[in-house]
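Only one structure is covered here, and it is reproduced in the block below.
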Amino acid sequence: MANVTLRNVRKTYAGGFEAIKGIDFEVGDGQFCVLVGPSGCGKSTLLRMVAGLETISGGEIDIGGRIVNGIEPADRDIAMVFQNYALYPHMSVYNNMAYGLRNRRMPQPEIDTRVQEAARILELGAMLERKPRQLSGGQRQRVAMGRAIVRQPKVFLFDEPLSNLDAKLRIAMRVEIRKLQRRLQTTSIYVTHDQLEAMTLADILVVMNGGRVEQIGNPLEIYQKPMTTFVASFIGAPPMNLMPLHDAGGFQAPGGDGILGIRPEDLLLTSEKPTGGLTLNLTVEAIERVGAETYVYGIRSQERDVPTVSTRPGELAPGEVIVRLPGAVAPSIGERIHAAAPREKLHLFSADGRNRINL
Amino acid sequence: MVEHRPWNDVIAYSILTFGIFIVAFPVYLALVASTHDAATVISGNMPLLPGGHILENYYRAIFVGGSRTSREPVGHLLLNSFISATGIAVGKIFISILSAYAVVYFRFPFRKTAFWIIFVTLMLPVEVRIYPTYKVVSDLHMLDTYAGLILPLIASATGTLLFRQFFMTVPDELLEASRIDGAGPFRFFWDTLLPLSVTTIAALFVIQFIYGWNQYLWPLLITTQDSMQTIVTGIKKMLTTTDELAEWQLAMATAVLAMLPPVAVVVFMQRLFVRGLVETEK
C-alpha cells in the first residue's frame, strides 16, 4: 500500500526531444489513477518512468515514501501489465506467474499458495499447465494480471492493457480490472488513449497533452468543468462542440473574444430561446442512429461554404455542430432546425483555449 | 482455380522423378560400387545391381583400412570427423549466441563497430586467410590436434547474424517484464532467450555440423599424422596411388559411411531445423 508522488518529473531523450515537460501529481493509497491523452502525449513514457524502464531526466518519483529515481524496476515493488502482455511464451501459465517470485527466492510453498490464489481469483485454475499460445486473448490478459497480482506489489502499472482485445471483451475486462483493484486495494496507474476507459476506471484522471498535464481531477468533474479546449474536446464522445464566440449566434459573454463550448447532449431541439442561453440555426447534414440515441450533425446556417472536414482528427469541422438526441426520432436531412442550450450548460474558454472563463 | 487434368499430373511427376533420378543416381552408384570386389569395380563395366561383397568391404573399411594407401581404418576417421564437426557446430553456436546477445541487448561504446567487424568476417572465409591462420595455429602448437581442427573454423559471422536477427524479433516487453520480475542479464539469457532460441540453435547446428563435416582444405593442411585425418581427407587419400590400383570399392564404402552422420543429423533435427528457419510467430 503506497502513495505515488511525481514532483516536476521530466524526460529528455538523447536527441534533445523533451517527451515529459515537468509533471506533478499524487496518487493516494489504493487509488486508481488513469493517464489519458492522444498518442505521443508522453503517457506511456511517464508510466515507464514510474516502472523504472525509462530513466528520469529531472524531478523525483516517490513510491511509498521512497525516492525511486535510481532504483532498479525489480526493487521498486511495482508490477506491470503490458499492452502485448509480454508473457514468457515457453513457460506454462503457472511458471509465468511464479517466475518473478522464484527470482526473489521465495519458498516454493508460498509461491504455490500465491499462484493458486491468483488463479482462483482470475478463474485460470484449469489452465495453469498450458502455454500462452494455447490461450485466447482474454485469458492471456488474465495471466498478465495474475503475474502482477502474485507479486503483491505496492503499485500496479497498466500500459494500455485492453487495446489488443475486441470491443466486447474490452468492456468485460474493464469491469473486471476495476473490481479486482477495489478488492485488492492496490494503488494503480493505468495508461489508455480511450477516454471511455479513462472515465469509467479512474478515481483520479490525468489528461495529458504534448508532455504536459492538461487537467487532473475526478473524471466527472473533468467532464463537467474542462479547464482547456483540449480537455473539452478529448473527454466525451461525441466531442464537445466548440465555436468562436463572435459567431455563436449573437451570444453575449463577459470579456472580449473567446471560444464557446457546448456538449452535444446539452443542446435541445426547440425554437424557444432560453434567457441568457444560446440558440443555433442549423441545417441537418447527417444523422447517426446508434439505437438508444441519435447524433444529428448540423451546419450553422451562417457558414454555408466552410469545409466540412476537420483538419484535426477527433474534432469537429468548422461550423459543424453535433446534437445528441435520446431515442431514434430525428429530423430529416436538409431540414432546418433550431438548437438551444441554457446558459448554465455553456462552457467558455479564452481565445487561445488554454483557460476556462466562468460564465 | 486448380483444374485437374491427368496429363498435367503425368508431366509433373515425370519431371520430378527425373530430378530425383539425377540427384540420387550417383549416390546409388556409390552404394552399388561398395558392394562389389575390386576386380569388378575396376573392370570398367560398372554393374547396376549390388554385388555380394558388402560385409567384407564395409568390415575392411571400418576396422582395417585400405591395404596400401590410407593406413587408418575408417572407424577412427569417422570419430575424428565427428569430434571436429561437433566441436565446430557447438563452438560456433556458443560464440555466436553470446556475441549476438551482446550486440543486441547491451549498449557499450563502439557497439555498431563491433557488429560491423563481425559482419566483415563474412567476406573472409578460411580459404582467404589460410596462411595467417596456419601460422597462428602452428605457433600455438596446435597442428595435429582437435583444437587445431576446430578453433579456426569456429569464428564466423553467419551464426551471429542469424541469432541477431532472431533476437531482434523478440519483443522488448519480454526483456522489460523480466527486469520487473527481477531477472538480471544472465537470468534473462538463460531463462527466456535461450529456451526461445532452441529452434534457431537447432538450425544452426545442422548447418554448421555439415559445414564442419565437409571441411577438406583445412584438415588436409594441418594434419600430418594419419591418425588425425578426417574422413573427407581420408577418402581422397585412398584414391591417390602411385603404382597401385585404387581400391574403389573401399573408397565408395567410405564415402557411403561419410554420408551417414550428416544425413542422420538432418533427419533427426529436420523438424526443429525447418521451424528455426521459417518461424515468425514468437
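Coordinate-derived values only; no laboratory data. In this text, all values refer to a predicted model and were calculated from it rather than measured experimentally. Reconstructed Cβ throughout: ideal geometry from the backbone, glycine too, with neighbour counts over all protein chains shown.
Given a Förster radius of 41 Å and the C-beta distance between A:PHE25 and A:GLU293 as r, what FRET efficiency does 1/(1 + (r/R0)^6) yield to the nearest 0.05? That pair, A:PHE25 with A:GLU293, gives E of 0.75. Rounded to the nearest 10 degrees, the inclination of helix A:137-150 to the longest alpha-carbon principal axis of chain A is 60 degrees. Under the criterion of Cα pairs below 8 Å and six or more residues apart, the relative contact order for chain A equals 16 percent. Neighbour counts of other Cβ atoms within 10 Å put B:ASP226, B:ASP181 in the fewest-to-most order B:ASP226, B:ASP181.
Averaged over the residues of peptide B:76-89, the number of Cβ atoms from other protein chains lying within 10 Å of each residue's Cβ is 0. Within 10 Å of the Cβ of each residue in B:195-204, the mean number of Cβ atoms contributed by other protein chains is 1.
Neighbour counts of other C-beta atoms within 10 Å: give me A:THR187, A:THR275, A:THR55 arranged from fewest to most.
Result, fewest neighbours first: A:THR275, A:THR55, A:THR187.
Other residues lying with their Cβ under 11 Å from the Cβ of B:THR254 contribute a combined charge of +1, Lys and Arg counting +1, Asp and Glu -1.
Helices in chain B that qualify as membrane-span-like (whole DSSP H runs, Cα extent of at least 24 Å along the helix axis, mean Kyte-Doolittle hydropathy of -0.5 or higher) are B:6-33, B:74-105, B:248-278.
Amide H contacts of A:MET208: A:VAL36, A:GLY37, A:GLU214, each under 5 Å away and 5 or more positions distant or on a separate chain (H built 1.01 Å from N in the peptide plane; Pro and chain starts excluded).
Dipole check for the protein assembly as shown: with +1 at the C-beta of Lys and Arg, -1 at the C-beta of Asp and Glu, and the Cα centre as origin, the magnitude is about 820 Debye.
Diffusion of segment B:6-64 by Stokes-Einstein, at 25 °C in a medium of 0.890 mPa s and with Rh set to the Kirkwood radius over alpha-carbon pairs, works out to 182 µm²/s. When the convex hull of its Cα atoms is viewed from all sides, segment B:146-234 shows a mean projected area of 7.0 nm². All distinct Cα pairs of chain B go into the 1/r average, and the inverse of that average, the Kirkwood radius, is 22.1 Å. Give, as ranges by residue number, the residues of segment A:1-36 whose backbone N falls under 18 Å from the point 7 Å along Cα→Cβ of A:ASP203. Flagged as within label range: A:1-6, A:25-36. As a ratio to 2.2 N^0.38 Å, the alpha-carbon radius of gyration computed for segment A:190-295 takes the value 1.22. Taking the Cα-to-Cβ direction at A:LEU359 and at B:PHE110 and moving 7 Å from each Cα, how far apart do the two end points lie in nm? If labels sit at A:LEU359 and B:PHE110, their model points lie 6.9 nm apart.
The simple Förster model, with R0 at 60 Å and r as the Cβ-Cβ distance, assigns B:THR224 and A:ARG66 a FRET efficiency of 0.30.
Take the Kirkwood radius over Cα pairs of chain A, plug it into Stokes-Einstein at 25 °C and 0.890 mPa s, and you get 108 µm²/s for translational diffusion.
With neighbour counts taken as other beta-carbon atoms within 10 Å, the residues B:TRP190, B:TRP218 rank, fewest first, as B:TRP190, B:TRP218. Fully extending the segment from A:GLN224 to A:ARG178 would add 14.3 nm, taking 0.36 nm per residue of separation and subtracting the current Cα-Cα distance. Taking the charge dipole of chain A about its Cα centre, with +1 at Lys and Arg Cβ atoms and -1 at Asp and Glu Cβ atoms, the residue from A:LEU205, A:ILE177, A:ASN8 reaching farthest to the positive side is A:ILE177. Shown is the FRET efficiency for B:MET259 and A:TYR13, computed with R0 = 60 Å from the Cβ-Cβ distance and rounded to the nearest 0.05: 0.60.
Starting from the Cα-Cα distance between A:SER39 and A:ILE171, subtract it from 0.36 nm times their residue separation and give me the gain in nm to one decimal. Full-extension gain reported as 45.4 nm. Averaged over peptide A:84-92, the number of partner chain Cβ atoms lying within 10 Å of each residue's Cβ comes to 5. Under the convention that each Lys and Arg Cβ holds +1 and each Asp and Glu Cβ holds -1, the size of the dipole of chain B around its Cα centre is about 620 debye. Computed from the Cα positions only, the extents of the protein assembly as shown along the three principal axes stand at 123, 69, 50 Å, in decreasing order. When all alpha carbon pairs of segment A:14-89 are counted in 5 Å bins from zero, the resulting P(r) reads 3, 12, 23, 26, 21, 11, 3, 1 %.
Counting only aspartates and glutamates at least 8 places from B:LYS236 when in the same chain, those with an alpha carbon closer than 17 Å to its own are B:GLU72, B:ASP226, B:GLU244, B:GLU247. Here's the list of lysines a cross-link from A:LYS11 could span, going by alpha-carbon distance under 30 Å and ignoring same-chain residues fewer than 8 apart: A:LYS21, A:LYS43, A:LYS154, A:LYS225, B:LYS112.
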